[in-house]
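Here the structure comes first, spelled out in structure tokens, and everything after it is commentary.
Derivation of every value follows stated rules applied to the coordinates shown; laboratory data play no part. These figures come from a predicted structure and were not determined experimentally. Methodologically, a virtual Cβ is constructed for each residue, glycine included, from the backbone with ideal geometry; neighbour enumeration extends over all protein chains shown.
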Amino acid sequence: MRSFLTGLLMLASAAPALADKSCKEQVDAAFSKLREAKSFRLETTITNSEGTLKMSADYVLPDRMHQKVVLGKDGLPMEMIVIGKQAWSNQGSGWVALSEAFANTVANQIKETVAEAPKAATDYKCVGDKEFEGKTYALYEGVLPTPLPADGKTKGPRVSAVTVPNQQSVYVDKTTGLPVRNIVAPVTEPDKRLFDGTFVVGENIAIEAPKVSSN
């Protein structure tokens, strides 16, 4: 389920553009409006050295999620449903309940990074109007913090010559004030999309507990 947590973290590190608001406040306002919609879908493509992962996650706030993940081009879909503090997974052989500990971890992730405003904040700059895939959006860009290496606490902070920070681009609909696209790419390779997320609001989304396999 690592892909799920990756998707949430990318979502968390992400309004009508008002002149009296800072660029960060405008981005925060856009995602606040998304949360106020109560239900939405996030379609994501994540690409790294291990390949490509496609993920679709439906959210009904404050605590429901139905996620579908496909690894690679011909991978079998894997699903997970979270309702409150309960979670189930289906990896092709039917639905099974997940452990209480894991369910609590995922439920807390949804609360901290989706249902509530994230505590970690990225500072954004206002790029202005930008045409993207045939439509003009308000574009905001911010550089994401570079993760500390696993041994960073013992060896102290170091900057590697090959370490390149990632840039996040948030496209906001100028009419609705809602975020539409969230793209992450290396600052040196803006066309190399590591994370490409599309938000969809207005779908009739309902998430219910699945029927658990009896075997």
Could I have the simple spin-label model distance between residue 123 and residue 95, label points 7 Å from Cα toward Cβ, reported in nm to one decimal? 4.6
Quickly work out the residue 187-to-residue 39 label distance, labels modelled 7 Å from Cα along the C-beta direction, and quote it in nm with one decimal. 4.1
So how do 194-202, 87-95 stack up, highest first, on mean other-Cβ count within 10 Å? 194-202, 87-95
Collect residues whose amide H, placed 1.01 Å from N in the peptide plane, falls under 5 Å from the amide H of residue 181; neighbours closer than 5 in sequence don't count. 171, 199
